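Asks: This is the structure I have questions about; it appears just below.
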Amino acid sequence: PDPAPAEQLASSILEEHLAACVNILPEIRSMYRWEGEIHTDREALMIVKTSRAVYPRLEAWLERHHPYDVPEVLATRVEAGSINYLEWVLNETKSSHLV
């Protein structure tokens, strides 16, 4: 809902090696239909960089810890990227595989 909970979630995600990096866009405006009504809210947007192997654990973790009943959790495929960056993401998340 705002930057403070986003920062708390991001710190925990990083501590648990569920992601290598989390970007927080502190204020976006969301319009959506919920329970039959249209809502407009200001929210924080988190962009979480993780590996395909860790994604299911990250999604389950967010479902348990996010303050929303139905958090927006989406995965996008990376078609290309800096090999050094992609290796860094894999290295930062690989200890998550061990749990």
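The values are calculated or read from the model by the stated rules, or taken from the named source; none is laboratory data. Because the structure is predicted, anything quoted here is derived from the model rather than measured. So basically every Cβ, Gly included, is an ideal-geometry build from the backbone, and we count neighbours across all protein chains shown. Remember, those area values only see protein heavy atoms, side chains included, never the ligands or the DNA or RNA. Shrake-Rupley method; radii C 1.70, N 1.55, O 1.52, S 1.80 Å.
Asks: Scan region 22-33 for residues that are more than 18 Å from PRO5 (Cβ to Cβ) and of a type in the set (A, V, I, L, M, F, W, C) and jot them down.
Replies: Correct list: MET31 only.
Asks: With the chain as the region, which helices (runs of 4 or more DSSP H) entirely inside it contain at least 2 residues that are small (Gly, Ala, Ser) and loosely packed, with under 15 Cβ neighbours inside 10 Å?
Replies: Of the helices (runs of 4 or more DSSP H) lying wholly inside the chain, those with at least 2 residues that are small (Gly, Ala, Ser) and loosely packed, with under 15 Cβ neighbours inside 10 Å span 3-15.
Asks: Among the residues of region 10-32, which ones are of a type in the set (A, V, I, L, M, F, W, C) and in contact with a Phe, Trp or Tyr (Cβ under 9 Å, 6 or more places away or on another chain)?
Replies: ILE13, LEU18, ALA20, CYS21
Asks: Name the residues in region 58-78 that are farther than 24 Å from SER95 by Cα and free of Cβ contacts under 8 Å to residues at least 12 places away in the same chain, would you?
Replies: Those that are farther than 24 Å from SER95 by Cα and free of Cβ contacts under 8 Å to residues at least 12 places away in the same chain: ASP69, VAL70, PRO71, GLU72.
Asks: Continuing with the same structure: What single numbered condition from (1) out of contact with any strand residue (DSSP E or B) (no Cβ under 9 Å at 6 or more places or on another chain); (2) of a type in the set (Phe, Trp, Tyr); (3) over 21 Å from TYR85 (Cβ atoms) fails to hold for TYR32?
Replies: It fails just one condition, (1).
Asks: With the checklist (1) touching a residue at least 24 places away in the same chain (Cβ under 8 Å); (2) touching a Cys at 6+ places or on another chain (Cβ under 9 Å) in hand, flag the one item LEU14 doesn't pass.
Replies: Evaluating LEU14 over (1) touching a residue at least 24 places away in the same chain (Cβ under 8 Å); (2) touching a Cys at 6+ places or on another chain (Cβ under 9 Å) leaves (1) as the failure.
Asks: Now for a different question. Give all pairs with beta carbons closer than 7 Å in which a residue from region 36-51 that is more than 14 Å from ALA20 (Cβ to Cβ) meets a residue that is open to solvent by less than 60 Å² (accessible area, probe 1.4 Å) and among the hydroxyl-bearing types (Ser, Thr, Tyr); count only pairs at least 6 apart in sequence or on separate chains.
Replies: Between residues of region 36-51 that are more than 14 Å from ALA20 (Cβ to Cβ) and residues that are open to solvent by less than 60 Å² (accessible area, probe 1.4 Å) and among the hydroxyl-bearing types (Ser, Thr, Tyr), the close pairs are ASP41/SER30; GLU43/SER30.
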